[in-house]
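J.: Mind having a look at this structure? Questions to follow.
The values are calculated or read from the model by the stated rules, or taken from the named source; none is laboratory data. Note that the structure is a prediction, hence the values are computed from the model and not measured. Here the Cβ positions follow ideal geometry from the backbone for every residue, glycine too, while neighbour counts run over all protein chains shown. Keep in mind that these areas ignore ligands, DNA and RNA; they rest on the heavy atoms of the full protein, side chains included. Shrake-Rupley method; radii C 1.70, N 1.55, O 1.52, S 1.80 Å.
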Amino acid sequence: MLTLIRIKDYGETVMGVMFDTDKKLGTYYTLERKSKLVPVGLYDLDLTYSPKFKKELPIVHGKSISEKCGIRIHAGNTVDDTEGCILIGNVSSLVTQRIWESNIAVNQLVNAMKGKTVKLSIHDVQSIGHNIVTGQ
């Protein structure tokens, strides 16, 4: 299972970290558009072909969101690179609200997901009871 924890809210940009406890799927930094956040909850994550990106990418779906909504995990560096999807990267800056090595991160995740059933659990820092950055 992948867990996404939203760490910092900058107004329109929300940054976080996504990881799995088994360390088989990787650890990534995330960037999302606040006005289009996927609600906190548990989702299925499948690999399907994206006509927009012309390659296989993870798609998020579950009880509160259908696969038809097209919420993907894909590459990008800033909030301008997403309408409502989750961007991932291997490097991030909370100061500049950017992520880097995004294409590398997406390829790593896609390769790690092949042949696996994957769940995605999304949390806000407040929902886990303490601030993951400060530890309080």
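J.: Which one, L37, L45, L109, has the greatest fluctuation when you compute a Gaussian network model over the chain with C-alpha springs under 10 angstrom?
T.: L37
J.: Among T117, I88, G16, whose Cα projects farthest towards the positive end of the dipole of the stretch 1-121, with charges put on the beta-carbon of Lys, Arg (+1) and Asp, Glu (-1)?
T.: The residue sitting most towards the positive pole is T117.
J.: S92's amide H: which non-local residues (gap 5+, or another chain) put their own amide H closer than 5 Å, with H modeled 1.01 Å from N in plane and none for Pro or chain starts?
T.: Hits under the 5 Å cutoff: W100.
J.: Also: Roughly how far apart, in whole Å, are the Cα centres of the stretch 77-125 and the stretch 1-68?
T.: 7 Å
J.: Sticking with this one: For a quick check: with amide H placed at 1.01 Å from N, whose amide H comes under 5 Å from T48's, ignoring anything fewer than 5 positions away on the same chain?
T.: Result for T48 returns L57, I59.
J.: Please check: in the Gaussian network model of the chain (C-alpha springs, under 10 Å), which one of G76, G89, G62 has the largest mean-square fluctuation.
T.: G62
J.: Lysines near K24 by alpha-carbon distance under 16 Å, same-chain residues fewer than 8 away left out - which ones?
T.: K24 reaches K114, K116, K119.
J.: Given 0.36 nm per residue, what is the gain on full extension from K52 to V110 after removing their alpha carbon distance, in nm? It would help to have the intermediate numbers written out before the result.
T.: Values: separation 58, 0.36 × 58 = 20.88 nm, distance 1.64 nm.
This chain segment gains 19.2 nm when fully extended.
J.: Still on this structure, please answer the following. From a point 7 Å beyond the Cα of K24 in the direction of its Cβ, which residues of the stretch 101-117 have a backbone N at a distance under 16 Å?
T.: It comes to 109-117, nothing else.
J.: Continuing with the same structure: Size of the dipole of the chain about the Cα centre, Lys and Arg at +1 and Asp and Glu at -1 on the beta carbon, nothing else charged, in debye to 20?
T.: About 220 debye.
J.: Further question: I'd like to check one number: the per residue accessible area of the chain, probe 1.4 Å, reported in Å² as a whole number.
T.: Dividing the accessible area of the chain by its residue count gives 53 Å².
J.: As a test of the formula, what do you get for the chain when each DSSP H run with n ≥ 4 contributes -39,500 (n - 2.57) and the sum is divided by the residue count, at 222 nm and rounded to the nearest 500 deg cm²/dmol?
T.: It lands at -2500 deg cm²/dmol.
J.: Counting only protein heavy atoms and using a 1.4 Å probe, what share of the accessible area of the chain belongs to carbon plus sulfur, as a whole percent? Let's see the in-between values first.
T.: Numbers: 3710 of 7230 Å².
It is 51 percent, rounded to a whole number.
J.: Right, something else. Report ³J(HN,Hα) in whole Hz for each residue of the stretch 73-80, in order, from the Karplus equation J = 6.51 cos²θ - 1.76 cosθ + 1.60 where θ = phi - 60°; Gly and Pro get x.
T.: 9, 8, 7, x, 10, 9, 4, 5
J.: How about the stretch 1-81: which trypsin sites (Lys or Arg not before Pro) there are in a DSSP loop, with at most 14 other Cβ atoms within 10 Å of their Cβ?
T.: K23, K24, K52, K54, K63
J.: Also, quick follow-up: Relative to the compact globular guide of 2.2 N^0.38 Å, what is the alpha carbon radius of gyration of the chain, as a ratio?
T.: Expressed relative to 2.2 N^0.38 Å, the Cα Rg reads 0.96.
J.: Students sometimes get this wrong: rank Y29, Y43 by accessible area, probe 1.4 Å, all chains present, largest first.
T.: Y29, Y43
J.: If you average 1/r over all unlike Cα pairs in the stretch 35-112 and invert the result, what Kirkwood radius do you get in angstrom? Intermediate results must be reported in sequence, preceding the final value.
T.: Details: mean 1/r = 0.0766 Å⁻¹.
That comes to 13.1 Å for the stretch 35-112.
J.: Using a 1.4 Å probe and counting only protein heavy atoms, arrange Y28, Y49 so the residue with the most accessible area comes first.
T.: Y49, Y28
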